[in-house]
Amino acid sequence: MSNSYTKAAFGIAVTSAEADLLHRVVGAIEMIDDAEIGLDVLEAHYRDLGADFAALFPRTPESPFDGLLDLFRDENYPSLDFDIDFAGPDADGVVVVFLSGEQFGVETAAKLIQRCAPSALPFGFEWASDCDRLRAGEFGGGHVAITADTIEYGHTSLMLDRAIARASDEGADGFVLATRNGEPGLSFWNNEDGFGSLARATVFSETEAAKFDLPIADDQPEWLAMPAPLRL
């Protein structure tokens, strides 16, 4: 029998208030993971956790900690799959929190950071897949990019598929619609404002480009394949 692992280790700089909140969240998770603790004890502890905790993890009529269960893929197993260590605050009140583990809960860590450490956003971390046997498909890794509104996950298998596709199809990264615009040179179509800068261009898939009605312009617009990103 072989064992697979998802490993990660990284530090994140947060404010003293955010570090205090994280301390309380970790303590609450340890409580709800203990089946021997009764509802009356949980109710009392929830009341002591403060308004900031209640705002981020609102209770339900059935349980004070139902909001906290949203951090976990399986609410029946509300356990952190990583260790959290806190450094002391520096002169500016910044605390480095170190997360690490060999069965690392990637989604739980991402949600925890998004909710409890807004001062650090945008933030991201990497993780690695490992196995104690040389078994095909068990190795690789990925990354997580966290903003206040989104959590984006990426995996090395998808990056590899994209690189292979790009080798045989120059449009693997999509297309932009361009037209020559006199002195400024090329202008690129975006669906909100029409032709403008490349930075705001709408990127189309091959299927979307084939269905798109070309706008009228002084110079006939043409489709250009997007280059490979500088970093995957």
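The values are calculated or read from the model by the stated rules, or taken from the named source; none is laboratory data. Bear in mind that the values here come from a model prediction, so they are computed numbers and not experimental data. Using ideal geometry, Cβ is built from the backbone for each residue, glycine included, and neighbour counts are taken over all protein chains shown. Keep in mind that these areas ignore ligands, DNA and RNA; they rest on the heavy atoms of the full protein, side chains included. Shrake-Rupley method; radii C 1.70, N 1.55, O 1.52, S 1.80 Å.
Couple of notes before you dig in:
- Where labels lie 7 Å past Cα in the beta-carbon direction, separation of Ala217 and Met159 in nm: 3.3
- Candidates Pro221, Pro118, Pro61, ranked by Gaussian network fluctuation over the chain, Cα under 10 Å, top entry: Pro61
- Per-bin percent of Cα-Cα distances, the stretch 131-232 [5 Å]: 2, 10, 16, 17, 15, 14, 10, 7, 4, 2, 2, 1, 0
- With contributions of -39500 (n - 2.57) from each DSSP H run of at least four residues, the per-residue ellipticity at 222 nm computed over the chain stands at -8000 deg cm²/dmol.
- Stokes-Einstein D (µm²/s) once Rh is taken as the Kirkwood radius of the chain over alpha-carbon pairs, at 10 °C in 1.306 mPa s: 74
- The stretch 1-141, accessible area per residue, ligands and nucleic acids excluded (1.4 Å, Å²): 55
- Subtracting the Cα-Cα distance of Asp66 and Asp193 from 0.36 nm times their residue separation leaves 41.3 nm of extension gain.
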